[in-house]
Amino acid sequence: MAEAADFQGMSPSPARRWLRRTGTLLAGAPLLAGVLQLPSSPAAHAAQTAAVADATGSGTVDISLDSLTPSAPTEGDTITVSGSVTNKGKQTVTGAHVGLRVGPTLQGRVAIDDAAKRTGFQLGPDPLEVGGKYVEKFSKLAAGVSRHFSISVPVKDLNLDSDGVYQLGVSLTGQTAAQPWDQVLGIKRTFLPWQPAGADTKTKTTYLWPLISTVHLRAETGSDAQQTPVFQNDDLAKEISPGGRLDQLLSLGSDLDVTWVLDPDLLASVDAMTRNYQIKNGDTTTAGKNQAVAKAWLDKLEKTVADKEKDVVALPFADPDLASLAHNGKDVTGSLSHLKDATTVASSTVQTILHVKPTTDFAWPAEGAVDPSIVKVATSAGADKVIARSDSLRETGGLTYTPTAGRPHGGGPPAGGAGSRRGTPVGGGQGKADHTNRPEPEIMGPG
């Protein structure tokens with residue numbers, strides 16, 4: 001079914017019409033712990049695979065970071081780094097302390113990527129500790145034990161110089177009985193943006209916050225006079241119930257300044273649940289009982305998007321797969337006209353259920369992948385803006401940064417380039433639904 005544009009370096013999209021869309025966060029980078037060098041001996045390798053406690057060197061202690069505030073400090077700020085250290089070795093670590101290592105300035109994406117990939121402590125690339133009173137000490141750290149730390153440092157004592165992104169390392173230095181001298185036993189790296197002067201022009205960004213699910217209604221109704229809608233199963237009720245995936249997305253997004261991206265089919269399905277409905281169970285049907293859950297979820301969504309017409313986007317009804325249609329469906333009689341109808345129905349559905357008029361001139365192809373045929377299909381449905389991944393828009397000028405998101409694509413409409421590197425703005429199980437290949441919230445610049 002679905003096949004996203006096949007570009008070098010991009011994997012095809014899954015064969016589903018409710019395809020996951022991925023993007024990136026403009027801020028933040030992977031926080032990578034030092035990894036262990038595996039011994040060459042097969043026997044030792046097997047033993048080490050079975051017991052992480054064999055860790056040695058700068059992989060002896062695992063460091064995880066919980067928070068860095070503020071993430072982009074200004075003059076006069078004090079940054080606070082907190083997290084935990086865990087002794088993965090077999091011996092107790094003594095005389096230990098956690099300290100910060102700031103620098104050097106990283107010039108461009110290549111340098112940031114290289115720093116993110118580096119493993120273990122490396123003298124030179126990893127600078128000296130800030131030191132002084134800005135450490136947290138542990139007299140001993142027994143094997144397998146974890147301890148929390150929190151270090152606060154005034155920005156003026158970090159010796160930051162020119163604008164840029166600085167490497168920020170958090171390391172644990174200590175001793176073991178086998179090696180009774182101070183050495184770095186663990187390190188974790190992250191990044192600290194620094195710009196002492198205010199920006200002349202601030203970049204405007206928005207989170208695209210999708211509420212999208214699989215198709216739940218069957219192409220049939222009950223045999224009664226009311227033509228009661230029939231659902232394939234009761235999975236949608238689980239998603240919108242307290243703690244469910246869609247309930248969590250709505251709860252998180254309601255407190256954020258985001259752009260809501262809605263599949264009208266989802267709204268219509270939940271709306272159908274607010275009245276009598278049936279659930280298919282083999283050759284029989286049973287009465288649905290989650291009307292109250294459906295009403296509560298829709299009421300919360302309606303209150304959240306009230307008076308936010310500019311921040312509500314409606315995708316074509318049932319989120320059709322533009323790539324599949326562009327590559328395999330254009331020769332099917334009436335396919336493009338049906339796509340246009342899906343956009344028209346989208347607007348009326350959102351207005352009827354949420355009482356807000358959405359924007360319908362956006363297209364969001366699977367995986368954000370575009371090529372001329374996908375853009376042509378998207379515009380046939382009325383879209384004049386296409387949300388695309390940055391690696392769909394090849395930069396030939398050798399830039400080390402993502403240019404302004406609104407970029408021309410051939411002779412077609414502007415494409416808003418969300419970065420191809422993916423972040424996870426919501427944690428826990430939000431990005432790991434096992435029953436549907438759902439989209440993640442995604443950040444996008446001006447366009």
When segment 174-210 is examined, which residues are found to be in a strand (DSSP E or B) and aliphatic (A, V, I, L, M)?
V184, L185, I187, L192, L208
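Checking the condition of a type outside the set (F, W, Y) and part of a strand (DSSP E or B), which residue from I387, I374 passes? Show your work before the answer.
Details: I374 fails: part of a strand (DSSP E or B).
So the residue among I387, I374 that is of a type outside the set (F, W, Y) and part of a strand (DSSP E or B) is I387.
Here's the yes/no breakdown for (1) touching an Asp or Glu at 6+ places or on another chain (Cβ under 7 Å); (2) of a type in the set (F, W, Y):
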residue: S254; (1), (2): no, no
residue: V261; (1), (2): no, no
residue: L267; (1), (2): no, no
residue: D271; (1), (2): no, no
residue: I279; (1), (2): yes, no
residue: D311; (1), (2): no, no
residue: F317; (1), (2): yes, yes
residue: L322; (1), (2): no, no
Which of the numbered conditions does V93 fail, given that it passes all the others? Conditions: (1) among the β-branched types (V, I, T); (2) within 18 Å of S58 (Cα to Cα); (3) without any contact (Cβ under 8 Å) to a residue 40 or more places away in the chain.
(3)
Over segment 184-216, the set of residues loosely packed, with under 14 Cβ neighbours inside 10 Å and polar (S, T, N, Q) is T201, T203
Residues located in segment 205-221, provided they are of a type outside the set (D, E) and more than 14 Å from the chain's Cα centre (by Cα):
T205, L211, I212, S213, T214, V215, H216, L217, R218, A219, T221
Checking the condition touching a residue at least 12 places away in the same chain (Cβ under 8 Å), under 30 Å from D265 (Cβ atoms) and not aliphatic (A, V, I, L, M), which residue from R218, R189, R147, R118 passes?
R218
Quick test for you: out of K133, K137, K156, pick the one residue that is among the basic types (K, R), over 28 Å from the mean Cα position of the chain (by Cα) and within 24 Å of G57 (Cβ to Cβ).
K137
Can you name every residue in segment 357-391 that is of a type in the set (G, A, S) and more than 19 Å from S335 (Cα to Cα)?
G368, A369, A388, S390
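Every residue, every condition in (1) among the polar types (S, T, N, Q); (2) closer than 24 Å to G57 by Cβ; (3) assigned by TED's automatic domain parsing to the domain that holds V85; (4) loosely packed, with under 12 Cβ neighbours inside 10 Å, yes or no:
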| residue | (1), (2), (3), (4) |
| --- | --- |
| K117 | no, yes, yes, yes |
| F121 | no, yes, yes, no |
| E129 | no, yes, yes, no |
| Q167 | yes, yes, yes, no |
Taking segment 106-126 and keeping residues modelled with pLDDT of 85 or more and assigned to a strand (DSSP E or B) leaves L106, D126
Can you give me the ranges of the helices (runs of 4 or more DSSP H) entirely in segment 211-289 with at least 2 residues that are over 23 Å from Q351 (Cβ atoms)?
235-240, 245-253
Filter segment 271-306 for residues that are buried (at least 18 other Cβ atoms within 10 Å of the Cβ) and farther than 21 Å from Q248 by Cβ and give the result.
A272, Y277, Q278, I279, T285, G288
Residue under question is V230, and the condition is that it be under 23 Å from the mean Cα position of the chain (by Cα) and either more than 22 Å from G368 (Cα to Cα) or buried (at least 21 other Cβ atoms within 10 Å of the Cβ) (or both); does it hold?
no
Within the bounds of segment 72-84, is there any residue that is modelled with pLDDT of 80 or more, part of a loop (DSSP other than H, G, I, E, B) and aliphatic (A, V, I, L, M)?
yes
Mind checking which residues of segment 309-354 are on the phi > 0 side of the Ramachandran plot and either among the charged types (D, E, K, R) or part of a helix (DSSP H, G or I) (or both)?
D319
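The values are calculated or read from the model by the stated rules, or taken from the named source; none is laboratory data. Owing to the predicted nature of the structure, the values given are computational and were not obtained by experimental measurement. Counting neighbours? That spans all protein chains shown, and the Cβs are built from the backbone with ideal geometry, glycine included.
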